[in-house]
Amino acid sequence: MVVGEDAFEINSLGKPNWGDDPIQVELKSSVSYKDFKGFHFYDSEGNKVESNRLGSGSMGIFGKRTYTVSFNLKKKVDKIVLAVDEWSDLEFVKIPFDFTIRAGL
């Protein structure tokens, strides 16, 4: 699956090992899932399928990193359509702060 300039491979798809949800999908990419604001799944008619993110991981070797992220889908579907929300103008800002902790009895 290609999303803009990024690609996701379906690493696994099937019944989850635990829980009552009918489908679990694991996506693999060279792009971290954290680079995206949200993942949304739709059936072939365009109806949104409720999903929960289960977990994620990453592995690196020889300067290349691979990321995985897993979702459970609440509805069994024959065709999955993936849509993602990308961050725009995302930047990290360090904000200084000061605090005091006191032990009270």
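The values are calculated or read from the model by the stated rules, or taken from the named source; none is laboratory data. Keep in mind that what you see is a predicted model, and the values were worked out from it rather than measured. Note that we place each Cβ from the backbone using ideal geometry, even for glycine, and neighbour counts take in every protein chain shown. Remember, those area values only see protein heavy atoms, side chains included, never the ligands or the DNA or RNA. Shrake-Rupley method; radii C 1.70, N 1.55, O 1.52, S 1.80 Å.
Observations on the model:
- Qualifying residue in segment 70-77 (condition: open to solvent by 40 Å² or more (accessible area, probe 1.4 Å) and polar (S, T, N, Q)): no
- The residue list 10, 101 contains one member that is β-branched (Val, Ile, Thr), exposed (fewer than 14 other Cβ atoms within 10 Å of the Cβ) and part of a strand (DSSP E or B), which is 10.
- Answer residue from segment 13-47, given it is more than 25 Å from residue 59 (Cα to Cα) and open to solvent by 30 Å² or more (accessible area, probe 1.4 Å) and is farthest from the chain's Cα centre (by Cα) among those: 45
- Scanning segment 78-105 for residues that are among the β-branched types (Val, Ile, Thr) and in contact with a Phe, Trp or Tyr (Cβ under 8 Å, 6 or more places away or on another chain) yields 80, 81, 84.
- Count of segment 62-81 residues, restricted to those that are hydrophobic (A, V, I, L, M, F, W, C), within 27 Å of residue 22 (Cβ to Cβ) and in a loop (DSSP other than H, G, I, E, B), is 2.
- Scan of segment 49-61 for residues that are open to solvent by 100 Å² or more (accessible area, probe 1.4 Å) and either part of a strand (DSSP E or B) or modelled with pLDDT under 90 (or both), ordered by number: 53, 59, 61
- Test result for residue 78, in contact with a Gly (Cβ under 6 Å, 6 or more places away or on another chain) and in contact (Cβ under 8 Å) with a residue 12 or more places away in the chain: no
- Answer residue from segment 2-19, given it is free of Cβ contacts under 8 Å to residues at least 12 places away in the same chain and touching a strand residue (DSSP E or B) at 6+ places or on another chain (Cβ under 9 Å) and is farthest from residue 86 (Cα to Cα) among those: 17
- Verdict on residue 37 being in contact (Cβ under 8 Å) with a residue 40 or more places away in the chain, in contact with a Pro (Cβ under 8 Å, 6 or more places away or on another chain) and not small (Gly, Ala, Ser): no
- Condition check for residue 89: open to solvent by less than 90 Å² (accessible area, probe 1.4 Å) and acidic (Asp, Glu): no
- Flag for residue 84 being open to solvent by less than 100 Å² (accessible area, probe 1.4 Å), within 20 Å of residue 16 (Cα to Cα) and in contact (Cβ under 8 Å) with a residue 12 or more places away in the chain: no
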